[in-house]
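S.K.: Before I ask anything, let me first share the structure, which is written out below as structure tokens.
The values are calculated or read from the model by the stated rules, or taken from the named source; none is laboratory data. Everything numeric in this text was worked out from a predicted model, so none of it was measured. Quick reminder, even Gly has a Cβ in these numbers, built from the backbone with ideal geometry, and neighbours come from all protein chains shown.
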């Protein structure tokens, strides 16, 4: 399995391409769809599944064009359906937690609400795609419609209990080189939000 990161759009959104068995699973394809398609064609990869970590527009911009081109539906947690800007016929909703299998890979969907009601983290082996739930040295906003600080705290507590060598790929890079990639262990050392979730989650209430 290989993971490729495409940084696209004005907010340094991360589109992830997971390669296995000459097939591709995509997470949050958005913004520059021609660039994503060209990448797949150059790698000779066939996209077979698309997952969205949540339904905010910046993670779905022009994703309808990608889904239509490859005759796919995007998987979205059901609690985010109301916020989804994509045509309903291009979305397949499910209730997390849930398991999928694509391209010979076991995919565990963890429900991690807080940034949105239906925010999920997508775990494949010792890699987890955290969307806007957990960033490198930060966490997702809780001041947007559908967000909830108490829910995010519970999600962070759950993530803090993952093995330290779990590799994190987040939803944004925000302009820093490799600013999208870390580990749970590293974040427990340097991310005050995750560290607090592990040691004293009650104190997080004043930070979010």
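S.K.: Could you check the stretch 169-180 and list, in sequence order, the residues that are assigned to a loop (DSSP other than H, G, I, E, B) and farther than 21 Å from residue 148 by Cβ?
M.R.: Of everything in the stretch 169-180, those that are assigned to a loop (DSSP other than H, G, I, E, B) and farther than 21 Å from residue 148 by Cβ turn out to be 173, 174, 175, 176, 177, 178, 179, 180.
S.K.: Moving on to the next point. Return the total of residues in the stretch 12-60 being assigned to a loop (DSSP other than H, G, I, E, B) and loosely packed, with under 15 Cβ neighbours inside 10 Å.
M.R.: Residues meeting the conditions: 3.
S.K.: Hey, can you tell me all the residues within the stretch 181-199 that are in contact with a strand residue (DSSP E or B) (Cβ under 7 Å, 6 or more places away or on another chain) and either part of a strand (DSSP E or B) or more than 22 Å from residue 111 (Cβ to Cβ) (or both)?
M.R.: If the condition is that a residue be in contact with a strand residue (DSSP E or B) (Cβ under 7 Å, 6 or more places away or on another chain) and either part of a strand (DSSP E or B) or more than 22 Å from residue 111 (Cβ to Cβ) (or both), then 181, 182, 183 are the ones that fit.
S.K.: Shifting gears a bit: Could you check the stretch 61-91 and list, in sequence order, the residues that are assigned to a strand (DSSP E or B), in contact with a helix residue (DSSP H, G or I) (Cβ under 9 Å, 6 or more places away or on another chain) and either closer than 20 Å to residue 23 by Cβ or in contact (Cβ under 8 Å) with a residue 24 or more places away in the chain (or both)?
M.R.: The answer is 74, and nothing else.
S.K.: Of all residues being surrounded by fewer than 17 Cβ atoms within 10 Å (Cβ to Cβ) and part of a helix (DSSP H, G or I) in the stretch 155-168, which is nearest to the chain's Cα centre (by Cα)? Just the residue, please.
M.R.: 158
S.K.: List every residue pair whose Cβ atoms sit under 9 Å apart, with the two residues 6 or more apart in sequence or on different chains, where the first one lies in the stretch 116-135 and is without any contact (Cβ under 8 Å) to a residue 60 or more places away in the chain and at negative phi and the second, anywhere, is assigned to a loop (DSSP other than H, G, I, E, B) and surrounded by 24 or more Cβ atoms within 10 Å (Cβ to Cβ).
M.R.: If the second residue must be assigned to a loop (DSSP other than H, G, I, E, B) and surrounded by 24 or more Cβ atoms within 10 Å (Cβ to Cβ), the pairs left are 117/54; 135/171.
S.K.: Quick one: residue 116 ticks every box in (1) within 19 Å of residue 29 (Cα to Cα); (2) in contact with a helix residue (DSSP H, G or I) (Cβ under 8 Å, 6 or more places away or on another chain); (3) in a strand (DSSP E or B) except a single one, so which number is it?
M.R.: Result: residue 116 passes all but (3).
S.K.: Hey, residue 202 hits all of (1) modelled with pLDDT of 95 or more; (2) assigned to a helix (DSSP H, G or I) but one; which does it fall short on?
M.R.: Residue 202 satisfies every listed condition except (1).
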